[in-house]
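Asker: This is the structure I have questions about; it appears just below.
The values are calculated or read from the model by the stated rules, or taken from the named source; none is laboratory data. From a predicted model like this one, the values you see are computed outputs, not experimental measurements. All Cβ positions, even for glycine, are placed from backbone atoms using ideal geometry, and neighbour counts span all protein chains on display.
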Amino acid sequence: MNNQQDQGASGAEKNVEAVVRKSGSSFYWAMRVLPRRKRMAMYAIYAFCRTVDDIADGPDREADKATRLTFWRDELERLYQGAPGDPVSVALLKPVRDFDLAQQDFLSVIEGMERDAAPRMRITDERDLTAYCDAVACSVGRLANQVFGVRRQDGNAIADSLGQALQLTNILRDVAEDAARNRVYIPQTVLARHGIHGDDPAELLSQPGFSAACRELAEIALAHFEAADQMLGRYGGSAMRPAVLMMQTYRAILHRLQKRGWDDNSQRVRLSAVEKFLIMLRYGLLPL
């Protein structure tokens with residue numbers, strides 16, 4: 001690279017790190033345990049995901065959201081041709097080359113955001129839920145594992161289980177917030193099994209069987225956490241330490257959700273700073 005390119009790449013790295021810091025996510029601290037080259041790659045991946053997620057969650061009209069997400073489809077083409085324009089994709093240029101990141105995984109994230117960008121979101125059945133979680137979470141795990149240096153075959157299996165577990169936890173944590181946006185991620189088949197019918201999100205959440213439907217999904221999430229835990233334990237070493245940190249953080253959130261239940265979703269479940277610090281100490285600094 002010449003000096004101008006170096007300055008552009010440096011500025012892009014500072015930009016994506018600022019995006020991660022500003023998010024207030026536990027992701028920032030989980031990735032701090034990585035060497036700088038891998039850390040900056042993960043920050044760039046996160047910044048991409050955050051950017052398209054903000055489009056889907058933003059106040060723009062549906063047509064405007066579609067236009068902006070189409071921009072990112074086109075920008076990925078420019079990125080993989082070696083000529084990115086947006087600062088986030090500039091920050092991705094080196095990681096894409098260094099870690100052989102698959103373009104399809106980035107496109108999968110956009111596909112998930114295109115679903116979220118619609119004025120109404122419903123999940124039809126368990127297969128639909130699995131596909132949605134794969135698009136918005138497992139695909140990110142596949143990208144991350146390339147950065148961590150895990151063999152693709154091993155990494156994909158871990159990404160599948162852990163991605164499903166993390167996204168199901170997000171869904172179970174955010175049911176009230178999502179309902180306010182006309183989004184219901186509990187599959188209609190699961191709701192029907194518990195005697196829940198209708199289409200109005202507020203009414204769905206208030207029906208007697210809703211808590212049982214959430215408990216059913218929580219058990220599925222726990223099974224995915226257990227599968228991911230076993231695979232991570234077999235893999236060993238420090239390469240997957242950030243994944244372990246994310247797993248333990250979200251597993252703690254899921255346990256707290258189960259303890260609270262879903263009869264009253266008005267109080268959002270969070271981990272305290274002390275709890276996050278203890279998880280970082282146990283799984284981020286001490287030997288695994």
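Asker: Of these, VAL109, VAL19, which one is under 22 Å from VAL136 (Cβ atoms), modelled with pLDDT of 95 or more and among the aliphatic types (A, V, I, L, M)? Explain how you work it out, then say what you get.
Answerer: Working: VAL19 fails: modelled with pLDDT of 95 or more.
Within the list VAL109, VAL19, the selection yields VAL109.
Asker: Here is a follow-up. Here are some residues: ALA221, ALA213, ALA165. Which one is in contact with a helix residue (DSSP H, G or I) (Cβ under 7 Å, 6 or more places away or on another chain) and either modelled with pLDDT under 95 or over 29 Å from ALA30 (Cβ atoms) (or both)?
Answerer: It is ALA213.
Asker: Moving on to the next point. Select from region 183-195 the residues that are assigned to a loop (DSSP other than H, G, I, E, B) and touching a helix residue (DSSP H, G or I) at 6+ places or on another chain (Cβ under 6 Å) and write down the one among them that is nearest to GLU62 (Cα to Cα).
Answerer: Residue satisfying both the conditions and the ranking: TYR185.
Asker: Condition check: over 17 Å from the mean Cα position of the chain (by Cα) and over 22 Å from TRP72 (Cβ atoms). Does ARG122 satisfy that?
Answerer: Against the criterion (over 17 Å from the mean Cα position of the chain (by Cα) and over 22 Å from TRP72 (Cβ atoms)), ARG122 qualifies.
Asker: If I filter region 56-104 down to residues being hydroxyl-bearing (Ser, Thr, Tyr) and closer than 18 Å to VAL140 by Cβ, which single residue comes out as surrounded by the fewest Cβ atoms within 10 Å (Cβ to Cβ)? Can you show your working first?
Answerer: Let us first name the residues in region 56-104 that are hydroxyl-bearing (Ser, Thr, Tyr), namely 67, 70, 80, 89.
Those left that are additionally closer than 18 Å to VAL140 by Cβ: 80, 89.
On the way: TYR80: 18, SER89: 23.
Out of the qualifying residues, it is TYR80.
Each row is one residue, and each column tells you yes or no for (1) surrounded by fewer than 21 Cβ atoms within 10 Å (Cβ to Cβ); (2) among the hydroxyl-bearing types (Ser, Thr, Tyr); (3) within 23 Å of PHE99 (Cβ to Cβ).
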{"residue": "GLY141", "(1), (2), (3)": "no, no, yes"}
{"residue": "GLN153", "(1), (2), (3)": "yes, no, yes"}
{"residue": "ALA165", "(1), (2), (3)": "no, no, no"}
{"residue": "PRO187", "(1), (2), (3)": "no, no, no"}
{"residue": "ARG193", "(1), (2), (3)": "yes, no, no"}
{"residue": "SER211", "(1), (2), (3)": "yes, yes, no"}
{"residue": "CYS214", "(1), (2), (3)": "no, no, no"}
{"residue": "GLU219", "(1), (2), (3)": "yes, no, no"}
{"residue": "GLN230", "(1), (2), (3)": "yes, no, no"}
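Asker: Further question: Could you say whether any residue in region 273-288 is touching a Gly at 6+ places or on another chain (Cβ under 7 Å) and surrounded by fewer than 20 Cβ atoms within 10 Å (Cβ to Cβ)?
Answerer: No; the residues of region 273-288 include none that is touching a Gly at 6+ places or on another chain (Cβ under 7 Å) and surrounded by fewer than 20 Cβ atoms within 10 Å (Cβ to Cβ).
Residue-wise test of (1) free of Cβ contacts under 8 Å to residues at least 12 places away in the same chain; (2) basic (Lys, Arg); (3) touching a helix residue (DSSP H, G or I) at 6+ places or on another chain (Cβ under 8 Å).
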site: ASP54; (1), (2), (3): yes, no, no
site: PRO59; (1), (2), (3): yes, no, no
site: ARG73; (1), (2), (3): no, yes, yes
site: ALA102; (1), (2), (3): no, no, yes
site: MET113; (1), (2), (3): no, no, yes
site: VAL150; (1), (2), (3): no, no, yes
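Asker: Among the helices (runs of 4 or more DSSP H) lying completely within region 200-288, list those that include at least 3 residues that are over 23 Å from the mean Cα position of the chain (by Cα) and farther than 21 Å from ARG32 by Cα.
Answerer: It comes to 201-206, 210-235.
Asker: So which helices (runs of 4 or more DSSP H) are wholly in region 55-152 and hold at least 3 residues that are closer than 22 Å to ILE220 by Cβ and assigned by TED's automatic domain parsing to the domain that holds VAL16? Full working, then the answer.
Answerer: Values: elements: 62-80, 87-99, 103-116, 126-133, 139-148.
Per the criteria, 103-116.
Asker: On to the next question. Starting from region 262-274, take each residue that is within 15 Å of LEU217 (Cβ to Cβ) and list its partners that are small (Gly, Ala, Ser), counting only C-beta distances under 8 angstrom and pairs at least six apart or across chains.
Answerer: The qualifying pairs are TRP262/SER211; ASN265/ALA176.
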